[in-house]
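Structure first, then comments.
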Amino acid sequence: MSARILIAEDDPKQAHLIQVYLEREGHSVLVVNDGRRALEQSRSRKPDLLVLDVMMPGVDGLDVCRIVRAESDVPILLLTARSTEDDKLLGLDLGADDYVTKPFSPRELAARVRALLRRAGKTAPGSAAPRVVGDLVIDAARFEVRVNGRPVLLTAKEFGILETLAAEPGRVFTRGQIIDRAFGFDHHVLDRTVDAHVMHLRRKIEDDPLQPRYVQTVYGRGYRLAES
């Protein structure tokens, strides 16, 4: 089910990338570049979800969050470069439902948007069905992974890589494609960084990380997720 999403982000490149990923999910997306416009459009358009950058000119994202929350129960996702616990708690105390720290993966952001919309009853049941490969279950809507029924705690980057591969099981993704899809705005990523994250991912989901069943290496090309 399509949702109406308002993005308030003053960096045009970041705003465009978020818009592209959310539109791929089937949502209708409106982008504004400052807090005052965010308040105006929130009141006039009545979106189903707000994505607010904390650092914006004029009225910042925290003030927008506080004002919108006093007027509406619309789900709010904050984007912030502030990573301390106090900063995160402040956003939640002001009424945000979730937050993502920069740099972040747009696939992680899309997954968190799905989870917020699901909790708000804005998505159709089963619209984001978990992907199952053998005993591996990848639930992007809940941002969860299970192996043999056991929950596995992944980092955002590990989840982004796994979700990228799970989008098309059997397809080989180059390291460059994985960086683009799973690492998003973090441009200081090398091929060997991807390899390191894959190694950690395998340690968490594979019975034998040296002979992986799920995340397979295609030498000279990249990685793929097994089809079954």
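Between Val20 and Arg150, what's the calculated FRET efficiency when r is the beta-carbon distance and R0 is 30 Å? Round to 0.05.
0.30
Binned at 10 Å from 0, what are the whole-percent values of the Cα-Cα distance distribution for the range 131-225, short to long?
16, 55, 26, 2
Using +1 at the Cβ of each Lys and Arg and -1 at the Cβ of each Asp and Glu in the range 1-105, identify which of Leu62, Ile76, Gln41 lies farthest towards the dipole's positive end.
The listed residue farthest towards the positive side: Gln41.
Excluding same-chain pairs closer than 8 in sequence, count the lysine pairs in the chain whose Cα atoms lie under 27 Å apart.
Lysine pairs meeting the criterion: 15.
Cα axis of helix 156-166 to longest principal axis of the chain: angle in degrees, 0 to 90, nearest 10?
In the chain, helix 156-166 runs at an angle near 60 degrees to the longest axis.
Just how large is the dipole of the range 4-119 about the Cα centre, in debye to the nearest 20, putting +1 at every Lys and Arg Cβ and -1 at every Asp and Glu Cβ?
Roughly 440 debye, rounded to the nearest 20.
Using the crude model of +1 on Lys and Arg Cβ and -1 on Asp and Glu Cβ, and no other charge, please compute the dipole size for the chain relative to its Cα centre, in debye to 20.
560 debye
Would you order Val172, Val189, Val194 from fewest to most other beta-carbon atoms within 10 Å of each residue's own beta-carbon?
Taking fewest neighbouring Cβ atoms as first place, the list is Val172, Val189, Val194.
Report, in degrees rounded to the nearest 10, the 0 to 90 angle that the Cα long axis of helix 106-119 makes with the longest principal axis of the chain.
Roughly 70 degrees between the two axes.
Of the listed peptides 130-138, 203-211, what is their order by residue-averaged count of other C-beta atoms within 10 Å, with the highest listed first?
Top of the packing list down: 130-138, 203-211.
Using a 10 Å cut-off around each Cβ, can you sort Asp11, Asp48 from fewest to most neighbouring Cβ atoms?
Asp11, Asp48
Taking the beta-carbon count within 10 Å as an exposure proxy, list Thr155, Thr80, Thr101 from fewest neighbours to most.
Starting with the residue having the fewest Cβ neighbours, the order is Thr155, Thr101, Thr80.
Per residue of the chain, what 222 nm ellipticity follows from adding -39500 (n - 2.57) for every DSSP H run with n ≥ 4, rounded to the nearest 500?
Rounded to the nearest 500, the figure is -11500 deg cm²/dmol.
Give the residues of the range 1-31 whose amide nitrogen is closer than 15 Å to a point set 7 Å from the Cα of Lys46 in the direction of its Cβ.
4-5
Express in % the proportion of alpha carbon pairs of the chain at distances exceeding 23 Å.
49 percent
Report, to two decimal places, the Cα Rg of the range 1-82 normalised by 2.2 N^0.38 Å (N = number of residues).
0.98
Using alpha carbons only, how many degrees (0 to 90, rounded to 10) separate the axis of helix 61-71 from the longest principal axis of the chain?
So the inclination is approximately 70 degrees.
Just so you know, all these numbers are worked out from the coordinates, no wet-lab data involved. The shown structure was predicted, so the numbers you read here are calculated from the model rather than taken from an experiment. We place every Cβ from the backbone using ideal geometry, glycine too, and count neighbours over all the protein chains shown.
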